[in-house]
Amino acid sequence: MVVQPKVRGFICTTAHPVGCEAAVKQQIDYVKNQGKLEGAKKVLVIGASMGYGLASRISAAFGCGAATLGVIFDKPASGNKTATSGWYNTKAFEKFAAAEGLYAKTVNGDAYSDEIKKEVIDIIKSHLGKVDMVVYSLAAPRRTVGDVVYKSVLKTTGAAYTNKTIDLRNNAISEVTIEPATAEEIEATVKVMGGEDWEAWIEALKSADALEDNAMTVAYSYIGPKITHPMYFEGSIGEAKKDLLASSRKITEKGVKAYISVNKALVTQSSAAIPIVPLYISILYKVMKAKGNHEGCIEQMRRLFGKLYGGEINLDDEGRIRMDDWEMQPEIQSEVQKAWDELNQDNFKQLIDLDGYWKDFYALFGFGIDGVDYDADVDVNV
Ligand code: NAD
């Protein structure tokens, strides 16, 4: 069938199989062009089908030559519905890995569940023996534990917060007020996006003797500028990220070196859903592209792997790796702030990289990729 994008607000309900494959290929080519890294040999990536997790998997496989086992939560095509882009990305990744003789296996299911942990560990034990790196890159709206479903929210933890935002349905600048989260909502957000499940994964792998002695693990966080602090860094999701940081210390104390990498703000399926952040990202893109230091997920993750394997791992005062170093440069942030203050409905198109935002958004679903014939009939059952 001919696949067209169907965008509803911050989500696209279709994905293009050929476009997703081409986008994965671009990321692989980028990593190969950066040269080989010595290090990771057998890598488990939890949340491997999109965004930072996919870019980590590509960096491990095509940078380090590592065998990779991915955990994803995606849907294959059914009837006239396309698969999710994460499904097509994963199929493409597996195809390109196989062509180079790289082991690549994927488990599709709920990474929070005990069943999936067991399935993954069984595969590690029978195919790989042990892994030497675990990337934890889940971004999920909910987590089920027994009969309880915890839902994460993007709210403040103090007073309500009002600021500018972009309405992605009509590209209009408006104001949004983000309400405070209740204590239960904060607790639920920490359950979903905090470190409890990361710790559970490492514990499960350790007790099954599925971790090499020198194994390391990394999870991803975000800090961002003051304008987003009330609803991000100091908001309910920020509480979860603090918990993730605390977990990194607990995991390290128990003998597995655990890192938090604070990554750059980028368009991904998850970040598109956060109020205020897409407008900030669109200004950031404009400023960083003009300065020549803009990066996407793959550039960020290849640079991270370069630090972890062979390069220098500089940690900040809290012990975090700062991949947001270029984003947070004072000259970048002061230009972003200036644009933010000036921006209104009449002038915003000059101040933000709206085209860049939408280009990246469509690319998440395999649309707008160079060289892909979008009028062609494609088989969606990959
Ligand atoms: P994403 O939406 O692109 O990817 C999330 C991945 O998690 C997908 O592969 C998805 O299939 C998987 N997933 C979700 N629920 C799952 C489940 N129950 N079981 C198994 N897999 C599941 O998200 P992203 O933006 O790459 O975020 C990854 C991490 O990076 C998050 O911790 C996020 O906070 C962090 N981060 C993101 C940004 C950003 O701007 N996007 C910046 C800094 C840090």
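Coordinate-derived values only; no laboratory data. These numbers come from a predicted model, not from an experiment. Cβ placement follows ideal geometry from the backbone for every residue including glycine, while neighbour counts extend to all protein chains displayed.
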Pairwise label distance in nanometres, residue 359 with residue 162, each label 7 Å out on the Cα-Cβ vector
3.6 nm
Computed over the Cα atoms of the range 176-323, what is the ratio Rg over Rh, Rh following Kirkwood?
0.99
Given Cβ charges of +1 for Lys and Arg and -1 for Asp and Glu, the option among 177, 98, 308 whose Cα lies farthest towards the positive end of the dipole of the range 13-363 is 98
Would you please put 55-61, 88-94 in order of how densely packed they are, using the mean number of other Cβ atoms within 10 angstrom per residue and starting with the highest?
55-61, 88-94
Using a 10 angstrom cutoff on alpha carbons, build the Gaussian network for the chain and name the most mobile of 44, 284, 168.
168
Would you mind putting 271-283, 314-326 in packing order, based on average other-beta-carbon counts within 10 Å, highest first?
271-283, 314-326
Which one of 268, 148, 17 is farthest out on the positive end of the charge dipole of the chain, using unit charges on Cβ (Lys, Arg +1; Asp, Glu -1) and the Cα centre as origin?
17
Using R₀ = 41 Å, calculate the FRET efficiency as 1/(1 + (r/R₀)^6) where r is the Cβ-Cβ separation of residue 13 and residue 203; round to 0.05.
0.65
Sorted by chain and then number, the residues having a modelled amide H within less than 5 Å of the amide H of residue 217, at least 5 places away or on another chain, are 134, 257, 258, 259
Between residue 80 and residue 100, what is the label-to-label distance in nm when each label sits 7 Å out along the Cα-to-Cβ direction?
3.9 nm
At 0.36 nm per residue, minus the direct Cα-Cα distance, what do residue 289 and residue 145 gain on full extension? Give it in nm, one decimal, please.
47.6 nm
Additional length obtainable on full extension of the chain from residue 122 to residue 226, 0.36 nm per residue less Cα span
33.0 nm
Provide, as a two-decimal number, the C-alpha radius of gyration of the range 13-363 over 2.2 N^0.38 Å, N being how many residues it has.
0.97
Less than 19 Å from a label point 7 Å out along the Cα-to-Cβ axis of residue 176: which backbone N atoms in the range 213-248 qualify, by residue?
222-241
Between residue 32 and residue 273, what is the label-point separation in nm under the 7 Å Cα-to-beta-carbon projection?
3.4 nm
Could you work out the relative contact order of the chain? I mean the mean sequence separation of Cα pairs under 8 Å and 6+ apart, divided by the number of residues, in percent.
23 percent
Amide H neighbours of residue 104 under 5 Å, at least 5 residues apart or on other chains, H built in the peptide plane: list them.
68
GNM flexibility winner over the chain from 287, 149, 131 (Cα, springs under 10 Å)
149
Okay, helix-only estimate at 222 nm for the chain: each DSSP H run of n ≥ 4 adds -39500 (n - 2.57), divide by all residues, round to 500 deg cm²/dmol; what do you get?
-12000 deg cm²/dmol
